[in-house]
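Participant: Please find one structure pasted underneath; my questions will follow.
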Amino acid sequence: MHTLQQMKQDGQRITVLTAYDATFARLLDQTGIDILLVGDSLGMVVQGLPNTLPVTLEEVIYHCRAVARGSSHAHLVGDMPFLSYQASLDQAVFNCGRVLKEGGAEAVKLEGGVNVAERIAALTAVDIPVMGHVGLTPQSVHRMGGHKVQGKKRGHAPGERERLLEDAAAVEEAGAFALVLEGIPLDLAAEITERVSIPTIGIGAGAHCDGQVLVLHDLLGLFDKFAPKFSKRYVNLKDIVGGAVREYVAEVQSGAFPTDAHSFHSPKVVPPLAVQQRPVRSAG
Ligand code: KIV
């Protein structure tokens with residue numbers, strides 16, 4: 001926490017990626033990434049769901065455990081799924097506590113602003129560090145009418161933009177240690193980043209945030225259902241994986257794989273010593 005705050009003050013950008021399993025967690029951890037987020041995006045990129053709403057607390061805990069096993073350097077944040085913290089303060093404390101206690105996470109992330117400020121305050125009061133998340137909050141997909149950029153409209157009474165400024169301020173005041181800004185115009189993200197003292201982590205929020213987060217599968221080009229405008233595909237693993245698997249299928253079908261080098265051999269059958277040395281008895 002202290003380091004992240006220091007990074008904001010020093011103008012050092014914070015790097016965040018999602019992770020869902022131990023193998024990738026180990027690879028990412030070795031790069032020196034600052035934060036691994038076990039996002040509820042796992043519903044879409046791991047489970048093939050149309051949105052994040054069905055993801056359960058047990059699933060988040062399961063994936064957190066795997067990521068915790070694979071990482072030792074990065075700060076580990078578990079994303080609280082829909083309906084695991086909204087019902088009551090007690091529910092929020094109990095379930096967020098489980099993500100730390102059973103999942104091995106070091107912090108949790110909650111979606112929402114003014115509406116979850118009380119939750120954030122209750123969690124920080126019992127030493128559960130919280131990362132906020134405002135703007136395009138995927139758990140509110142039905143209220144937003146889709147995964148749409150938020151905060152474009154300025155209003156009198158207060159408009160979307162003003163509401164998001166209030167949300168960011170409420171999250172900071174409640175004690176969150178960092179704030180994800182998702183799907184908002186870059187000038188609004190810059191204004192929030194300037195106004196709050198905690199680090200902002202952007203996704204689809206432009207370059208002025210204190211750090212950036214991407215969904216791992218987007219960065220690696222593994223998720224091809226849609227390509228969000230804000231995401232950057234650094235490699236096309238979908239084609240690389242497809243090519244490797246096609247080659248494997250062809251080699252199995254042609255008999256080119258496995259070769260002798262991929263096979264185990266039984267030891268040569270040598271008769272036991274006693275049998276070899278047994279004297280030949282005479283017939284009489
Ligand atoms: O679930 C997730 O992966 C997230 C990030 C995109 C911030 O919430």
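Participant: Limited to the range 1-43, what total is found for residues that are under 19 Å from Glu111 (Cα atoms) and among the charged types (D, E, K, R)?
Facilitator: Going through the range 1-43 one residue at a time, the tally reaches 1.
Participant: Also, I was wondering about something else. Give the residue that is farthest from the chain's Cα centre (by Cα), with candidates limited to residues of the range 176-235 that are of a type in the set (S, T, N, Q) and under 26 Å from Leu123 (Cβ atoms).
Facilitator: Checking each candidate, the answer is Ser197.
Participant: Which numbered condition in (1) away from the ligand (no atom under 16 Å from the Cβ); (2) surrounded by fewer than 24 Cβ atoms within 10 Å (Cβ to Cβ) is the only one that Leu123 fails?
Facilitator: That leaves (2) as the condition not met.
Participant: Please list, ordered by first then second residue, the pairs with beta carbon atoms under 8 Å, 6 or more apart or interchain, first in the range 66-81 and under 16 Å from Thr3 (Cβ atoms) and more than 14 Å from the ligand (Cβ to nearest atom), second at pLDDT below 95 and assigned to a helix (DSSP H, G or I).
Facilitator: As it stands, the answer is none, since no pair meets every condition given.
Participant: For the range 18-56, which positions are near the ligand (Cβ under 9 Å from one of its atoms), in contact with a helix residue (DSSP H, G or I) (Cβ under 6 Å, 6 or more places away or on another chain) and charged (D, E, K, R)?
Facilitator: none
Participant: Here is a further query. Do we find a residue being within 25 Å of Asp21 (Cα to Cα), within 23 Å of the chain's Cα centre (by Cα) and away from the ligand (no atom under 14 Å from the Cβ) anywhere in the range 135-149?
Facilitator: no
Participant: So Leu37 fits all but one of (1) more than 18 Å from Leu214 (Cα to Cα); (2) of a type in the set (A, V, I, L, M); (3) buried (at least 21 other Cβ atoms within 10 Å of the Cβ); what number is the exception?
Facilitator: (1)
Participant: Please return the ranges of strands (runs of 3 or more DSSP E) entirely within the range 39-135 where 1 or more residues are closer than 23 Å to Gly204 by Cβ and touching a Leu at 6+ places or on another chain (Cβ under 6 Å). Let's see the steps before the verdict.
Facilitator: Numbers: elements: 75-79, 107-109, 130-135.
Because the criterion is at least 1 residues that are closer than 23 Å to Gly204 by Cβ and touching a Leu at 6+ places or on another chain (Cβ under 6 Å), the strands (runs of 3 or more DSSP E) in the range 39-135 that meet it are 75-79, 130-135.
Participant: Check Val241, Val245, Val235, Val215 and return the single one that is out of contact with any Lys or Arg (no Cβ under 9 Å at 6 or more places or on another chain) and under 17 Å from Thr137 (Cβ atoms).
Facilitator: Val215
Participant: Take the range 9-28 and flag every residue that is polar (S, T, N, Q), within 30 Å of Arg195 (Cα to Cα) and assigned to a helix (DSSP H, G or I).
Facilitator: Gln9
Participant: Would you check which residues across the range 136-155 are of a type in the set (Lys, Arg) and not in a helix (DSSP H, G or I) and list them? Can you show your working first?
Facilitator: Kept after step one, since they are of a type in the set (Lys, Arg), are these residues of the range 136-155: 143, 148, 152-154.
Result: Lys148, Lys152, Lys153, Arg154.
The values are calculated or read from the model by the stated rules, or taken from the named source; none is laboratory data. Since the model is a prediction, treat every value here as computed from it, not as a measurement. Here Cβ is always computed from backbone atoms with ideal geometry, including for glycine, and neighbour counts include all displayed protein chains.
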